[in-house]
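Since the structure comes first, as structure tokens, the remarks are kept for the end.
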Amino acid sequence: MAPSHAAKRVLVVYYSQTGQLTRAVQSFVAPLRDCLDIEVVDAAIAPREPYRFPWRFLDFLDVFPESVYLDPPAIAPVAFDPDEHFDLIILAYQVWFLSPSLPITGFLHSDAARVLAGRPVITLIACRNMWLTAEAKVIALLERRGARLIDNVVLIDRGPPWSTFITTPRWLLTGRKDAFWKIFPAAGVSAADIEGAARFGRALRSALPTLQGAPTQSLLRGLGAVRVDPHYIASERIGHRSFLLWGRLLRRIGPPGSRPRRVALVFYATFLATMILTVLPVTLAAAWLLRPFLSGRLRAAAQRLEAPSGSNCDRCGEFL
């Protein structure tokens with residue numbers, strides 16, 4: 001049935017390369033579609049030059065400098081009028097190299113992003129396990145557009161970190177995400193966590209129709225929307241600094257796809273593998289030794305980074 005004239009209008013902007021994020025978005029907004037007082041408008045972002053999946057190895061590395069430096073690719077025309085009014089915008093994205101995926105960066109830099117001006121935004125992230133830097137970049141781009149973040153929902157791969165170093169690249173480079181060797185779990189966000197994202201839609205379905213005007217503060221608190229692992233905070237900072245240095249060098253060597261740059265990417269891949277096999281274990285050991293002295297500061301930082309939605313689950317029972 002068509003929504004009533006007083007319906008709250010929700011725009012859902014997303015780009016999904018593997019299909020995982022599409023499933024998460026569909027689960028999230030499914031309860032909204034059942035409400036006659038809410039109109040949902042879907043907008044899948046499409047880059048003018050598609051990114052293939054599964055990736056070729058060097059093609060995957062070749063997007064790294066532009067991802068880190070937020071160099072926007074051209075995107076195809078969007079399926080909505082940027083001058084339309086929406087009461088809420090849901091922006092769903094993947095994380096590429098500790099940054100938002102390039103198509104989402106392209107959207108946030110495009111003329112279509114003027115739809116964000118003055119609007120409340122909920123971000124929905126589906127990723128391996130590191131997203132803090134990417135979200136900080138997205139928040140900065142939203143603020144530049146005059147939008148305000150009211151909630152953040154993060155779905156991660158719950159596999160052990162040591163296993164995701166294998167399972168995630170295998171998925172991205174071969175398209176295979178199944179468990180294997182009786183050691184490695186399936187890659188990606190679990191089906192249960194994707195299905196569980198419907199609780200956020202149920203909370204919005206309950207809250208949105210009764211609001212006078214657009215929401216100005218969190219609607220998803222108490223639903224376990226986001227949990228920050230304190231041990232990743234330092235790792236992300238170190239990794240991002242390395243990405244910035246290498247990204248600057250690779251951009252100077254040549255444009256994407258150029259032969260000099262692809263040769264340099266082979267050296268970068270060797271460096272990255274060496275870092276993972278040597279420096280990373282030492283860093284993790286040092287972090288473990290320092291944990292008793294830094295635990296208080298790390299917990300405080302994690303709590304701050306979990307805002308605005310937080311990790312508390314006291315309302316989950318209402319929306320199961």
message: Quick check: at a probe of 1.4 Å, how many percent of the accessible area of the range 73-199 sits on carbon and sulfur atoms?
response: 60 percent
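Just the number, please: Stokes-Einstein D of the range 49-116 in µm²/s, Kirkwood Rh from C-alpha pairs, 4 °C, 1.567 mPa s.
Working: Rh = 13.2 Å.
Diffusion coefficient, whole number: 98 µm²/s.
Percent antiparallel among DSSP beta bridges with both residues in the chain, to the nearest 5? Mind showing how you got there, number by number?
Working: 4 of 29 bridges.
Beta bridges within the chain, antiparallel portion: roughly 15 percent.
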- prompt: So how tilted is helix 231-253 from the main axis of the chain? Cα-based, degrees 0 to 90, rounded to 10.
  reply: 70 degrees
field: Dipole of the chain, positive end: most advanced residue of A214, I276, G224 [Cβ charges, Cα centre]
entry: I276
query: Rounded to the nearest 5, what % of the DSSP beta bridges within the range 114-216 are antiparallel ones?
result: 10 percent
Cα-centred dipole magnitude for the chain, charges only on beta-carbon of K, R (+1) and D, E (-1), debye, nearest 20: 1040 debye
Cα centroid of the range 159-179 to Cα centroid of the range 202-243, whole Å: 25 Å
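Please tell me the relative contact order of the range 23-115 in percent, rounded to the nearest whole number, where contacts are Cα pairs under 8 Å and at least six residues apart.
On the way: 90 pairs, mean separation 29.6, N = 93.
Worked out over the range 23-115, it gives 32 percent.
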- line: Between A207 and W162, the two model label points (7 Å from Cα along the beta-carbon direction) sit apart by a distance in nm of 4.0 nm
- request: Run down the aspartates and glutamates and flag those whose C-alpha is under 12 Å from the C-alpha of K8, throwing out any fewer than 8 positions away in its chain.
  value: D37, E39, D87
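Dipole magnitude of the range 1-154 about its Cα centre, charges +1 at Lys/Arg Cβ and -1 at Asp/Glu Cβ only, in debye to the nearest 20? Don't skip to the end; give the middle numbers.
Values: 14 positive and 17 negative charges, 52 e Å.
The dipole magnitude comes to about 260 debye.
What whole-number value in cubic angstrom gives the convex hull volume per residue for the C-alpha atoms of the chain?
Working: hull volume 46.7 nm³, N = 320.
Output value, Cα hull per residue: 146 Å³.
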- prompt: Roughly how big is the range 136-227's charge dipole about its Cα centre, with Cβ charges of +1 (Lys, Arg) and -1 (Asp, Glu), in debye to the nearest 20?
  reply: 100 debye
- prompt: Just the Cα atoms of the range 162-223, one point each, no solvent: what log10 I(q)/I(0) does Debye give at q = 0.19 Å⁻¹?
  reply: -0.74
field: Cross-link partners of K177 among aspartates and glutamates (Cα-Cα below 14 Å; sequence separation of 8 or more within a chain)
entry: D157
task: Identify the chymotrypsin sites (Phe, Trp or Tyr not before Pro) of the range 151-191 meeting these criteria: DSSP loop state and at most 12 other C-beta atoms within 10 Å of the C-beta.
output: W181
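The values are calculated or read from the model by the stated rules, or taken from the named source; none is laboratory data. For clarity, every value in this text was computed on a predicted model and none was experimentally measured. Cβ sites come from the backbone with ideal geometry, for glycine too, and all protein chains shown count toward neighbours. The protein model used for the area step is the full one, side chains on, heavy atoms only, and it has no ligands, DNA or RNA in it. Shrake-Rupley method; radii C 1.70, N 1.55, O 1.52, S 1.80 Å.
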